[in-house]
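Readers should treat all values here as calculations from the given coordinates under stated rules, not as data from a laboratory. If you're wondering where the values come from, they're calculated on a predicted model, not measured in any experiment. Glycine gets a Cβ as well: all are built from the backbone with ideal geometry, and neighbour counts include every protein chain shown.
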Amino acid sequence: MKKHLVLFSIILSIITTICSCTSTTLQSSWKAPGATYTKEQFKKVMVVALVKDETTRRVAEDKLASMDSTFRASYTILGPDQQNMDDADVKQFVARHGFDGVVTMQLLDVQKNINYVPGTYQGGYYGWYGMHYNNFYTPGYYTEDASYIIETNIFSVKQDKLVWSGISSTVNPTSINRTVEEVWKAVVAKMKSDKFIVTTK
């Protein structure tokens, strides 16, 4: 019975670790002086995932586009033949398609950290006394966490400038879709606290 309790404790610890391994936090943000984001100003926005792999780009942009009705995935209009446009051509292209803004997401870095999770005794600090070591001790173990540092930028087409930027960190991401969703939700929360997103009636 005691062996089963120890085994259950180990399994529960593993499940808890897996379920809580993904988290996204905003590390820093910047807002252009006086800049705001309203539905009136940004009626049509192009979202761009700045990654080399085309499949990853499309998955990320589709997920980001699903987060807001004003968003449009760049790959649906910006194909490989437009990849080498200069700044002037890009500005004309975006304006010609009626975009008011551009949202970009880019992976800046992947930081890895090794952490040690100490072992535990059943029954508190005295649990080892008079008991068989292997039956009442859950050994410690090492875990490697990977933090994905992502930059999200908001550009105004009309003002022709960057109006908001944020750096987020996602620990142990499990999928592109989930990561994009977590990052965008964290970004929106931060933009609201920065008074960048203005809700109008």
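A few notes on this one:
- Charge context of Thr76, other residues only, Cβ under 11 angstrom, K/R +1, D/E -1: 0
- Model label zone, Ser28; criterion: amide N under 18 Å from point 7 Å along Cα-to-beta-carbon; scope the range 165-201: 165-170, 187, 190-191, 194
- Taking other residues whose beta carbon is less than 15 angstrom from the beta carbon of Lys192, and scoring Lys, Arg as +1 and Asp, Glu as -1, yields +3.
- Within the range 88-108: backbone nitrogen closer than 16 Å to the Lys43 label point (7 Å, Cα to C-beta): 95-102
- Environment charge at Val94 (Cβ cut-off 12 Å; Lys +1, Arg +1, Asp -1, Glu -1): +1
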